[in-house]
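As structure tokens, the structure follows; a few thoughts come after it.
What follows draws every value from the coordinates through simple rules; no lab data is involved. Note that the structure is predicted; figures quoted are calculated from it, not measured. Neighbour counts run over all protein chains shown; Cβ positions are idealised from the backbone, glycine included.
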Amino acid sequence: MSITIYYITKNSYNLAKRLTGLFPDAVTEKFSSHKIAAAWNNSKNLIFIMATGIVVRTIAPLIKDKRKDPAVVVLDEKGRYAISLLSGHLGGANKVAKEIADFLDGRAVITTASDINEIISIDLWAKEKDLIIENWDTFSRISTRFLNSGKLKVYSDVDIKLPNDFQKTDNPDLADVLITNKTFNIQNPTSNILLYLRPKNLAIGIGCNSRTSAEEIEGSVKRVLDEYNLSFLSIKSIATIDIKGNEQGLLKFAAKYNLSLVTFTADELNSAISHKPSAISFSEAAFKATGAYAVAEPAALLASENDKLLVAKRKIGNVTIAVAELVAPILQHSITPILYIVGTGPGSIEHITPYAQDAIRRSDIIVGYGTYLELIKDLIKDKEVVSTDMTQEIDRCKKAVELALSGKTVSVISGGDPGIYAMAGLVFEILKDRNVLSIMRNEIKGSNASRIAVGVIPGISALNACAARLGAPLMHDFAVISLSDRLTPWELIEKRLAAAAMSDFVTVLYNPKSMGRPDHINKARAILLKHRSAETPVGIVKSAMRENENVIITNLRDMLNYDIDMQTTVIIGNSQTFIWNNYMITPRGYERKWSNGVVE
């Protein structure tokens, strides 16, 4: 989000700086009216910490359109109230006000009728589903009808899940809202007004002569769509042959309406023709000019992944047009499930990355171990929470995958870093077992498996946090070994300990001691003493960067004299590690450089 926070007084400045903990990328500026005018079209969210009257007088001349105006939120200097003043739904001011109120333990002031009456906002729902509102002049009257009756009759010819208060009808004549790329000639609608919501599900195949203007291309497309009662707002992409990919008229037309331009090689177009010869008109002239027997029709079919055309090619002047409908229109939040695996580090908000905080805020459901969830309770208090015990990791991850596949955006919370003795690997094992494809990087085409968008979001691991508290013990090569034999045989753990000790690695011990295995730390120490001096520095850190943190620097001989449990991480130095000024330091070898006068 592009956010600018404006302040006037010292108190408001302090609150602005505090809000950067919630919005790390926000810009803070001292208020002046000319700055607001300059920022109006460049910031999506404007937050003012001052009197509402000042804000109203400043922004009044700038307000133009609810579809384009930025979100405006106003706070008092104490942070008691966060007022959603402008662009509550489409701009997101309601959402921002709620986030601020949760963060400051204040109260969000929301006045939009749908929120007050706890019914769905039509414009916000349409935005989430990537549906375009066509007739805004009708929108306010349909919204009022919905508020008064609590229900709307909806006709939809696309596969989309409707809210409970939307009653589906198969008869367009009976509908209040039409979700379609078509325009119906309804003579006597049951309702006096109709609202069209347009899905982005049309692919327009285009062939054109060189140097055809954007205006001629646009006019031809609109003419064809009007003739076939199709909405221009439903265009998702335009498609053509690759040698036309730099045609200025096409580029300008696509840029004007923010349409994706998809190109195909002559071989790809000819392959589509060979698979569906009866559906496509051949052209020897096109083949001589481009190497493809047709352009507009196969391009439309390939871009839509459909095998039939809505509109066969129409040649108008210098432009040839064909239209196809996307097989699976991309409707946001209804096609690809989203699963975040979030590392929350030590747990306190100041140690959680902005990326992780944003993922948590975006999620519908939070899944995690109760102790870790308690540490982030301020971030998740408005979320649905699924909490399990420490040893129920498998159940936890299975539940998270099930919830994500049901259409929810889910965050699995993992203390520290999710990829270090944590949840990321288990989630991927479950996805593999269920033949669910992760599209975290690239979507795999040509497979019938389910798909899920997975984001692994790193966090500060225990070894990072503990090393920071000890000084610099991990400056050279190190090994990390868990002493828990719940999932790994103890014999294998012993071999790894011996190998690390013999190789003079600094050694980090996770899960060093529990009530069920009190002797493992003793055995580990005995193995290390075979290869290390009893004076080798040892750092013992319990609950790093948490409220009950305890940091001890001792040595291999005396380490068992101190309390060690499952909340503790033990770092055992190598032969070069030393203690200085109550810091534990493992040298990297830099002293040889400066002692020889070498600086790099």
Measure up 151/256; 66/398; 377/398 against 31 Å on the Cα-Cα distance and list the ones that go over. 151/256; 66/398
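How long are the three semi-axes of the equivalent ellipsoid for the range 1-61, computed from the Cα gyration tensor as the root of 5 times each eigenvalue, in whole Å, largest first? Write out the running numbers ahead of the final one.
Details: eigenvalues 64, 43, 14 Å².
After scaling each eigenvalue by five and taking roots: 18, 15, 8 Å.
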Find out how many positive minus negative residues lie around residue 554, taking Lys and Arg as positive, Asp and Glu as negative, among other residues whose Cβ is under 15 Å from that of residue 554. +2
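Count charges around residue 362 for me, please; just the other residues with Cβ under 13 Å from its Cβ, Lys/Arg as +1, Asp/Glu as -1.
Values: positive: 95, 361, 383, 408; negative: 99, 128, 358, 364, 382.
Overall, the nearby charge balance is -1.
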Compute the Kirkwood hydrodynamic radius of the range 333-434, taking the inverse of the mean of 1/r over all pairs of distinct Cα atoms, and give it in Å to one decimal. 13.3 Å
Relative contact order in percent for the chain (Cα pairs under 8 Å, 6+ apart) equals 8 percent
Just how large is the dipole of the range 6-106 about the Cα centre, in debye to the nearest 20, putting +1 at every Lys and Arg Cβ and -1 at every Asp and Glu Cβ? 200 debye
Report the full-extension gain for the segment residue 316 to residue 167: residue separation times 0.36 nm, less the Cα-Cα distance, to one decimal in nm. 49.5 nm
Could you work out how far apart the two model spin labels at residue 580 and residue 2 are, taking each label as a point 7 Å from the Cα in the direction of the beta carbon, and quote it in nm? 4.9 nm
Along Cα→Cβ, 7 Å out, is where each label goes; now give me the distance between the ones at residue 65 and residue 492 in nm to one decimal. 6.2 nm
Can you work out the Karplus-derived ³J(HN,Hα) for every residue in the range 526-535? Use 6.51 cos²θ - 1.76 cosθ + 1.60 with θ = phi - 60°, whole Hz, and x for glycine or proline. 4, 5, 5, 5, 5, 10, 10, 5, 5, 8
Which FRET efficiency, nearest 0.05, do residue 78 and residue 226 yield, Cβ-Cβ r, R0 56 Å? 0.50
Rank by packing, highest mean first: peptides 339-349, 212-222, with packing defined as the count of other Cβ atoms within 10 Å averaged across residues. 339-349, 212-222
How big is the equivalent ellipsoid of the range 36-158 along its three axes, where each semi-axis is √(5λ) from the Cα gyration tensor, reported in whole Å from largest to smallest? 28, 18, 12
What whole number of Å gives the distance from the Cα centroid of the range 400-414 to the Cα centroid of the range 8-29? 33 Å
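Given 25 °C and 0.890 mPa s, how large is the Stokes-Einstein diffusion coefficient of the range 506-549 in µm²/s, with Rh as the Kirkwood radius over Cα pairs? Write down the numbers at each step before the final one.
Details: Rh = 12.2 Å.
Approximately 202 µm²/s, per Stokes-Einstein.
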Under-5 Å amide H pairs with residue 479, H placed in peptide plane, nonlocal only: 506, 507, 508
What net charge do the residues around residue 388 carry, taking every other residue with its C-beta under 15 Å from that of residue 388, with Lys and Arg at +1 and Asp and Glu at -1? -3
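With +1 on the Cβ of every Lys and Arg and -1 on the Cβ of every Asp and Glu, and nothing else charged, how large is the dipole of the chain about its Cα centre, in debye rounded to the nearest 20?
Details: 70 positive and 65 negative charges, 151 e Å.
Here the chain has a charge dipole of around 720 debye.
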Among (1) 82, 68, 46; (2) 96, 74, 44; (3) 91, 64, 55, the entry derived from the coordinates for Cα extents along the principal axes in Å: (3)
Kirkwood hydrodynamic radius, the range 161-225, all distinct C-alpha pairs: what's the number in Å? 14.9 Å
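With the Cα gyration tensor of the range 1-106 in hand, give its eigenvalues times 5 under a square root as the equivalent ellipsoid semi-axes, listed largest first in whole angstrom. Mind dumping the intermediate values first?
Working: eigenvalues 72, 47, 31 Å².
Equivalent ellipsoid of the range 1-106: 19, 15, 12 Å, largest first.
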Label model pair residue 140, residue 433: point-to-point distance (7 angstrom along the Cα→beta-carbon line) in nm is 5.6 nm
HN-Hα couplings for the range 545-555 via Karplus (6.51, -1.76, 1.60; θ = phi - 60°), in whole Hz with x for Gly/Pro, come out as 6, 10, 4, 9, 4, 9, 10, 10, 10, 9, 9
